[in-house]
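Worksheet for the structure shown next.
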Amino acid sequence: MLTKEQLEQWDKDGYLVIPDLINPEYCEELRDAITRTIFDKLDLLNHPRTCFTTYEANNGEQDKQMMSEYFLNSGDNISFFFEEGAVDETGAFTRPAHSAINKIGHALHTDVPEFEDLCFSSNILEICRDLGLEDPVLPQSMYIFKSPGLGGVVTPHKDSTFLHTGGTALVGLWIPIDDATPDNGCLWFIPGSHREPATLFMNRSKEGGECVFVGKKNDNFDRDDEYVCVPAKAGSLVIIHGDVVHKSYANTSENSRNAFTFHLYEGKGAKWAETNWNLPTEKGTFVHMYDTEKGK
């Protein structure tokens, strides 16, 4: 599926845009599936007001979401995280609750059939092989909303800060359900930054109940002149190297920027550290791609 030129571009830049992975009708099926999931799974009366951000708060305090048992226990189920601007200091929503969601994670690939079908489709498996993955493992998946006028900034980061494979490849697959544009918060990358491994890691604390950041951010995170804007049409695929620096701005438009994303790591030779926030459970949400029925 991936051409020689595309693989060379991937190796050079650390990211790659593949147009037309899925068609518009499929995008709407996924949107409908996530709407059904919200109404089936979200108990607003009893749900914690857990908000999501990427890094530590500007005042140096650990982000509340990272401190949450709810987050740490979300790896093998369907959990909901809200935008910071949608919940006030009393825990009350500042807008209709169902439009206040930042993301849903982290087991859509096992718990929602439409997303399971996509993750283990023949096209995705072919891409895994083209990338040279011998035993790709899927540990987590997310649906990100980036709602109009609310979807916040995602600060510069490397995905390998959050998922530690022990040195084997980490790859993100990001599929916009809406057109991703500069106005609604498309991705921005520093091409070639994947050649510098991450030096900051989010670790599960030994005491449990929280995560802590260890190390420091890479020096190139703040080189604003090196970022490249990468718009992507709905249904395309953006492949993201685990060590490439990327970010997105707030959605200041009147249009949503929904996206589905999941991560793969090379299982051959991997040492999935106990310091990872997301650890395998007996539910089996760490899926070896080539062992799935759809992959045979």
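Taking the Cα atoms of segment 179-296, what is the range of coordinates along each of the three principal axes, in descending order and whole Å?
Principal extents (Cα only, largest first): 42, 39, 29 Å.
Given an 8 Å cut-off on Cα distances and at least 6 residues of separation, report the relative contact order of segment 160-251 as a percent. If you can, show how the numbers build up before the last one.
Working: 157 pairs, mean separation 45.1, N = 92.
About 49 percent, as a whole number.
Do any of Lys12/Lys216; Lys41/Lys271; Lys12/Lys247; Lys41/Lys103; Lys41/Lys206; Lys247/Lys268 go past 22 Å between their Cα atoms, and which?
Too far apart for the 22 Å limit: Lys12/Lys216; Lys41/Lys271; Lys41/Lys206; Lys247/Lys268.
Taking amide H positions as placed 1.01 Å from N in the peptide plane, with prolines and chain starts having none, which residues 5 or more places from Val87, or on another chain, fall under 5 Å of its amide H?
Here the answer is Thr94, since their amide H atoms fall under 5 Å of that of Val87.
Which order do Arg129, Arg223 take when ranked by solvent-accessible area (1.4 Å probe, heavy atoms of all protein chains), largest first?
Numbers: Arg129 125, Arg223 100 Å².
Result of the area sort, largest leading: Arg129, Arg223.
What do you get for trypsin sites (Lys or Arg not before Pro) in segment 160-219 restricted to DSSP loop and a cutoff of at most 15 other Cβ within 10 Å of the site's Cβ?
The qualifying sites are Lys206, Lys216.
Whole-Hz ³J(HN,Hα) for each residue in segment 265-270, computed from phi via Karplus 6.51 cos²θ - 1.76 cosθ + 1.60 with θ = phi - 60°, x for glycine and proline: what do you get?
Whole-Hz 3J(HN,Hα) from phi for segment 265-270: 10, 6, x, 5, x, 6.
For the chain, report the translational diffusion coefficient in µm²/s to the nearest whole number, using Stokes-Einstein at 25 °C, 0.890 mPa s, and a Kirkwood Rh over Cα pairs.
D, rounded to a whole number, is 127 µm²/s.
Could you give me the ³J(HN,Hα) list for segment 127-136, computed from phi with Karplus coefficients 6.51, -1.76, 1.60 and θ = phi - 60°, whole Hz, x at Gly and Pro?
Going residue by residue, I get 5, 4, 5, 4, 7, x, 7, 8, 8, x Hz, with x marking Gly and Pro.
What FRET efficiency would be calculated for the residue pair Thr275, Glu254, taking the C-beta separation as r and a Förster radius of 30 Å, to the nearest 0.05?
In this case the efficiency is close to 0.15.
Which GluC sites (Glu not before Pro) in segment 227-296 pass both tests, a DSSP loop state and at most 12 other beta-carbon atoms within 10 Å?
Glu254, Glu274, Glu282
With θ set to phi - 60°, apply the Karplus curve 6.51 cos²θ - 1.76 cosθ + 1.60 along segment 233-250 and write out the HN-Hα couplings as whole Hz, x wherever there is a Gly or Pro.
Karplus values, whole Hz, x for Gly and Pro: 6, 3, x, 7, 10, 10, 9, 10, 5, x, 10, 7, 6, 8, 7, 8, 8, 5.
If you find the alpha carbon centre of segment 257-279 and of segment 82-109, how far apart are they in angstrom?
The distance from the Cα centre of segment 257-279 to that of segment 82-109 comes to 24 Å.
For Thr199 paired with Thr155, estimate the spin-label separation in nm (one decimal), with each label point 7 Å from Cα along the Cα-to-Cβ line.
1.7
If amide hydrogens are placed 1.01 Å from N in the peptide plane, which non-local residues have theirs closer than 5 Å to the one on Ser141?
It is Ala107, Leu108, His109, by chain and number.
Roughly what would the spin-label model give for Leu42 and Arg129, points 7 Å off Cα along C-beta, in nm?
3.9
Could you grab the relative contact order for the chain? Cα pairs under 8 Å, six or more apart, rounded to a whole percent. Walk me through the numbers before you get to the answer.
Details: 640 pairs, mean separation 85.0, N = 296.
RCO, the chain: 29 percent.
The values are calculated or read from the model by the stated rules, or taken from the named source; none is laboratory data. Small disclaimer: the values here were computed from a predicted structure and weren't measured. Every residue, glycine among them, receives a Cβ derived from its backbone with ideal geometry; neighbour counts consider all protein chains shown. Keep in mind that these areas ignore ligands, DNA and RNA; they rest on the heavy atoms of the full protein, side chains included. Shrake-Rupley method; radii C 1.70, N 1.55, O 1.52, S 1.80 Å.
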